């Protein structure tokens, strides 16, 4: 009987020790979980701060690229408008030169520079070919 009593006491002591050990392990696990979570949150916040900084830099770069693009478009439009203006001026100048040449030809015809001195355009002088050419130019 004494033996059973001693064994029961040892068993109770071991149960108590196991319960205490489980309690310590549980508290250590809880502390470890809290530490791990704190470290993870710290890492996440560091990475989040880095990500925010990187995204801010990228956003600044995107804004700069858009600004540069708008400036390029504006310069391109201005240069294109200037070139078109110059080309239009050249076209207008060419038209003025053509008009001046036509006016000179008409003045010569009005003066009557026929070979026989006659103002008649239908005469048989040497001027017939020139008259036909001037008529063709007038038609075109």
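Laboratory data are not the source of any read-out in this text; all were calculated from the coordinates shown. Remember, it's a predicted structure, so these values are computed and weren't measured experimentally. Positions of Cβ are generated from backbone atoms using ideal geometry, with glycine treated the same way; all protein chains shown enter the neighbour counts.
Observations on the model:
- Here the label points at residue 10 and residue 81, each 7 Å from Cα along the C-beta direction, are separated by 10.4 nm in the simple model.
- Given their separation in residues at 0.36 nm each and the Cα-Cα distance between them, residue 54 and residue 31 gain 4.9 nm when the chain is fully extended.
- Taking 0.36 nm per residue of sequence separation and removing the Cα-Cα distance, the residue 18/residue 68 pair yields an extension gain of 10.7 nm.
- Look at 2, 76 and count the other Cβ atoms within 10 Å of each Cβ; fewest to most, that gives 2, 76.
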